[in-house]
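Contents: one structure, followed by commentary.
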Amino acid sequence: MNIIDLNNPVPKYLQISNWLKAQITSGKYKEGNRIPSEAELTQMCEVSRATLRQAIAHLADNGFLIKKKGLGTFVKSADMIVELKHDMKRISSFGDYAGVKQLKEKTVVLEKSVIIADEEVSQKLILGSQQKAVQIKRLRTGNNISYIYEESYLPYRRFKDILNLNLQGSLYKLITTDFDIKLKRSIQEIKAVILDNRITTLFEMPKNSPGFFMKNLTFDENDTPIELLYSYYRGDKYKLELELDEYQMP
């Protein structure tokens, strides 16, 4: 079996990392197991020791492996490596994502306040001359691993009382139950980004790590915008899923 494809433009260390990650997630190397030594893996992968160490370091930085001095490299708890799937077909909260049930979910409220909205927030939420908005910054975690950083903006005149509620669960559930609002539709913009230092610090990831940025504008049943959400997702533990209709000739 060839682990490295020399015709693949993906760097060798990432090919090795992806192969090792597949071995872990498939259960070949289980929680607490020691993986083969650097010498063994170097021979298996037919690469230099430096390339192999780069692959191991990449997996260790991303929570898959842990190095124990004098003992070797071991697989971290399987709970630490759950990959989540975001269903793009419906409005959903973190707790609705595929895979979350395997995690001990926790939401950390970093900040909640009333602000004078900037131009984009004011225009998207149609705030008018008052320009006051509720701002909520949260970190969504599972098994003490940070998955998403969120900044939510809501019209102050409609949601000022939300600041007095418990914000450690689903905001969508609060909006639906406590404010009697039906979430009808949402417009999402998604792009791949290099996460800035502020986000990688929160995620405890290396600088310049890749991720997803999502801008989400949600409307009620009267087609009134009620929330503008900026979300940053770590790229190593998230996938986005879309279901497409059949191809039709133009």
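Tabulated data for the structure shown
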| item | result |
| --- | --- |
| R0 of 41 Å, Cβ-Cβ distance N222-N197: FRET efficiency to nearest 0.05 | 0.50 |
| Angle between the chain longest axis and helix 12-25 axis [Cα atoms, degrees, rounded to 10] | 80 |
| Gain on full stretching of the segment that runs from D178 to Q23 - 0.36 nm per residue minus C-alpha separation | 51.2 nm |
| Angle in degrees between helix 49-61 and the longest Cα principal axis of the chain, rounded to the nearest 10 | 30 |
| Estimated distance in nm for a label pair at N7 and I66, the labels positioned 7 Å out from Cα along Cα-to-Cβ | 4.2 |
| Cα-based Lys proximity count in the stretch 174-250, under 26 Å, for pairs eight or more positions apart or on separate chains | 12 |
| Sequence-separation-based contact order of the chain, relative, with Cα cut under 8 Å and 6+ spacing, percent | 16 |
| Net lengthening on full extension, V108/A50 (0.36 nm per residue, minus Cα-Cα) | 17.0 nm |
| Alpha carbon centroid spacing (whole Å) that separates the stretch 105-180 from the stretch 202-221 | 15 |
| Estimated D of the stretch 128-199 in µm² per second, where Rh is the Kirkwood radius over Cα pairs and Stokes-Einstein applies at 37 °C, 0.692 mPa s | 226 |
| Potential lengthening between E120 and E246 on full extension [0.36 nm per residue; Cα-Cα distance subtracted] | 41.8 nm |
| Computed over the stretch 12-80, Kirkwood Rh from alpha-carbon pairs, angstrom | 11.8 |
| Calculated on alpha-carbon atoms, Rg and Dmax of the stretch 82-241 in Å | 15.3, 46 |
| I226 long-range amide H proximity, modeled H, under 5 Å | T218, F219, D220 |
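Computed from the coordinates by the stated procedures, all read-outs in this text should not be read as laboratory data. The shown structure was predicted, so the numbers you read here are calculated from the model rather than taken from an experiment. A quick note on method: Cβ atoms are made from the backbone with ideal geometry, for glycine too, and the neighbour counts reach across all protein chains shown.
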